[in-house]
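The values are calculated or read from the model by the stated rules, or taken from the named source; none is laboratory data. Only a predicted model underlies this, so the values are computations on that prediction, with no experimental measurement involved. Here the Cβ positions follow ideal geometry from the backbone for every residue, glycine too, while neighbour counts run over all protein chains shown.
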Amino acid sequence: MKKYERESLIVSAEPYELNKGMEDGFELYMKIITNGWLSSENLIQITRPDGTIVCPFIQNRRGIIFIREGDYIITENDNERHVCGKDKFFNRYKPIDE
């Protein structure tokens, strides 16, 4: 099998913070669990005043990506956004001087 190296790609990235408008929306936690979409481990859960629990997500061409504790939100030059876990982020990206 042929091997490939990822091209150099400069992106903007920052750790996810609630109340900064970084997410595209929220989904009910019970819907996520009931549908079995993914593991609920480390999902950010926000309890609204009415008692419902929701989880933030971003949406891109690949679908909806739920945000977990410690995730970074990455914005590429074409403004497409991705989520990358803190455990992988520093293996894939390094800071650059601007």
Check your understanding: Can you tell which of Ser8, Ser12 is surrounded by fewer than 16 Cβ atoms within 10 Å (Cβ to Cβ), hydroxyl-bearing (Ser, Thr, Tyr) and in contact with an Asp or Glu (Cβ under 9 Å, 6 or more places away or on another chain)?
Key -> Ser12
**Study point:** Residue ID - modelled with the lowest pLDDT, chosen from residues in the range 11-20 that are under 13 Å from Arg81 (Cα atoms) and part of a loop (DSSP other than H, G, I, E, B)
**Key:** Val11
Exercise for review: Select from the range 45-66 the residues that are of a type in the set (Val, Ile, Thr) and in contact (Cβ under 8 Å) with a residue 24 or more places away in the chain and list them in ascending order.
Suggested key: Ile46, Thr52, Ile53, Val54, Ile58, Ile64
Point to revise | Residue match in the range 31-44 (condition: in contact (Cβ under 8 Å) with a residue 12 or more places away in the chain, farther than 20 Å from Asp87 by Cβ and in a strand (DSSP E or B)) | key: no
Practice item. Tell me which residues, restricted to the range 53-70, are more than 19 Å from Arg92 (Cβ to Cβ) and either modelled with pLDDT of 95 or more or in a strand (DSSP E or B) (or both). Key: Ile53, Val54, Cys55, Pro56, Phe57, Gln59, Gly63, Ile64, Phe66
Check your understanding: Could you give every pair whose Cβ atoms fall below 8 Å, whose first residue belongs to the range 71-98 and is assigned to a helix (DSSP H, G or I), and whose second residue is of a type in the set (D, E, K, R) and modelled with pLDDT of 90 or more, counting only separations of at least 6 or pairs across chains?
Key -> Lys86/Asp71
